[in-house]
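A quick write-up on the structure given underneath.
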Amino acid sequence: MRNTLVIAGKELQGYFVQPVAYVVLTVFLLLAGWFFFALLRQFDEMVQLIQMMGQQQQLQNMNLNTRVIDPLLHDLSIVLVIVMPALTMRVFAEEKRTGTYELLLTAPVRTGEIVAGKFIAAACFTLIMIALAWIFPLILMIFGNPEVGVMFAGYLGLALLAITFVAVGLFTSSLTQNQIIAAVSSFGLLILLYVISWPAESGGGAVWALMKYLSLPDHFSTMVRGVIDTSDIIFFLSVTVVALFLTQRSVESARWR
Amino acid sequence: MIEVKDLSKTYGNFVAVSGISFKAESGQILGFLGPNGAGKTTTMRIITGYMPATSGTVLIDGLDIFANSLEARRRIGYLPEIPPLYSDMRIEAYLRFVAKLRNVRRAALDNAVEHVMHVCGLTSMAGRICGQLSKGYRQRVGLAQALIHDPPVLVLDEPTIGLDPRQIHEIRELIRSLAGKRTIVLSTHILPEVSQICDRVVIINDGRLVLEEQLSDIPAGTSLEEVFLQAIAKESGGGEGSAEETLEEVGAGHSARF
């Protein structure tokens, strides 16, 4: 456990001294701000339009949660698919390329501890990034009256999604010493998990059901709508655990190849 | 103590190391010699537990590096061929990290870091970023990293490479002074280095052991260079080839490699 924390601490400090992490953070927040601005403007225009037509009934139905936060979170999930592989690509690949992998693997540390430490650091950085995006709900809370609980559930969903992406990214990074290969394959896997249910929309049977179950956006949308269902949380956590297990096997494989 | 027994390593069809056995007692400095590509780095990587052997065993103070890996690894300080530095860390922070990774107790941490920085001449460089260091300083940080937990066994892969003559002298002195209670294995291309600091020499060629001898057993008047070239010439099957020819062969091998 101490080893895990030593590695996590060193890795987390690493995120704050290297440019890639800042670029990822900046791109994520800038895009988030742009989406928020665009959605809020749309919302404002619609409210004005409805007021001009004098339809009080319609005005009651205008809802910040469904009109702004819901689409914002879906947009952000797409941004994460693109930026998270860039954040995680170096984690193992760079150590292999520069030779520091030799230091880690000859230290009296278990491979599980190495993987856990690196995962905790990457997950912490990601959570900081998502916490900073909480500024948009805050703005809405100051100037409007959205439902806080629903927003919270949505952000929890986004955080779980991002942590799942971290685990998948660590796995692809552990397979290669080339950061670009790590990033592209992690990007490919994440996109696949996004669209895996497409051919299953109308089909029946166990295989189709499994594909539907594996689909990331399905589980995510439930949470964005404000429903925290244990089965969705378990889904995200299981994908994370499986990816981390595979990462540990891949790192450990250096010891018996 | 390091005991290497019948060690072999193959990559597919390529035999990197084949049936090497040797022993380094504690208090001894063992020089590990061989031409480029002879299998020195591979052997050292197996000894330190970075990669597994295809067959054979390595015992560190009687502990199997594979079966009893964590305990055995605790006893080893290792300077790989390329010093394993994190380019965005400062020297002191890096050494602290390695010390924690090597299970140096919290109370002893400051002293350990200070001590190795002093011993390796890094005290005035504590705040420098590893990625911006010259080759010589990278090598020193690499050595400091290997010493930080005061290990009974030291494995050094070409410790003096890339240093200027004065630094080479300093590092050699340092290694000599470290010997005392430790077992040290170091690989090198520089033959005089071996005669200066080692007690025992192991020469390998093409993955096979060709000579294992106490330096004191080499007859007076015979230089280590002659012993080396003879051993390798014998191994290559060119028994009649003179030392000069072999030297040329070795030279050709080098130029073909780069």
I'd like the full set of residues that are polar (S, T, N, Q) and surrounded by 13 or more Cβ atoms within 10 Å (Cβ to Cβ), limited to the range B:130-145.
B:Gln139, B:Gln145
Given the criteria more than 19 Å from the chain's Cα centre (by Cα) and closer than 24 Å to A:Gly112 by Cα, does B:Ser87 qualify?
no
Give, as residue ranges, the helices (runs of 4 or more DSSP H) completely inside the range A:26-110 that count at least 3 residues that are in contact with a helix residue (DSSP H, G or I) (Cβ under 6 Å, 6 or more places away or on another chain) and within 29 Å of A:Leu189 (Cβ to Cβ).
A:70-88, A:90-98
Per the list (1) surrounded by fewer than 17 Cβ atoms within 10 Å (Cβ to Cβ); (2) in a strand (DSSP E or B), residue check on B:Leu70 breaks on (2)
Every listed condition ((1) over 28 Å from B:Phe22 (Cβ atoms); (2) more than 16 Å from the chain's Cα centre (by Cα)) holds for B:Val141 save (2)
Which pairs turn up if I take residues in the range A:5-23 that are farther than 16 Å from B:Leu101 by Cα and look for partners that are of a type outside the set (Gly, Ala, Ser) with beta carbon separation below 6 Å, at least 6 apart in sequence or on another chain?
A:Tyr15/A:Phe125; A:Val17/B:Asp88; A:Gln18/B:Asp88; A:Ala21/A:Tyr15
Given (1) away from chain B (no Cβ under 14 Å); (2) surrounded by 16 or more Cβ atoms within 10 Å (Cβ to Cβ), identify the lone condition not met by A:Gly117.
(1)
Which of the residues spanning the range B:102-129 are within 11 Å of another protein chain (Cβ to nearest Cβ) and crowded, with 22+ Cβ neighbours inside 10 Å?
B:Arg102
Let me confirm something: among B:Gly221, B:Gly180, B:Gly162, which residue is surrounded by fewer than 17 Cβ atoms within 10 Å (Cβ to Cβ), among the small types (Gly, Ala, Ser) and in contact (Cβ under 8 Å) with a residue 60 or more places away in the chain?
B:Gly180
Tell me, yes or no, whether the range A:43-51 has at least one residue that is surrounded by fewer than 12 Cβ atoms within 10 Å (Cβ to Cβ), at positive phi, modelled with pLDDT under 95 and away from every other protein chain (no Cβ under 14 Å).
no
The number of residues in the range B:149-169 that are out of contact with any Pro (no Cβ under 7 Å at 6 or more places or on another chain) and farther than 14 Å from B:Arg73 by Cα is 13
Which residues, taken from the range B:130-154, are out of contact with any Ser or Thr (no Cβ under 8 Å at 6 or more places or on another chain), more than 13 Å from every other protein chain (Cβ to nearest Cβ) and over 16 Å from B:Pro84 (Cα atoms)?
B:Asp150
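The values are calculated or read from the model by the stated rules, or taken from the named source; none is laboratory data. Not measured: the values here are computed from a predicted model. So basically every Cβ, Gly included, is an ideal-geometry build from the backbone, and we count neighbours across all protein chains shown.
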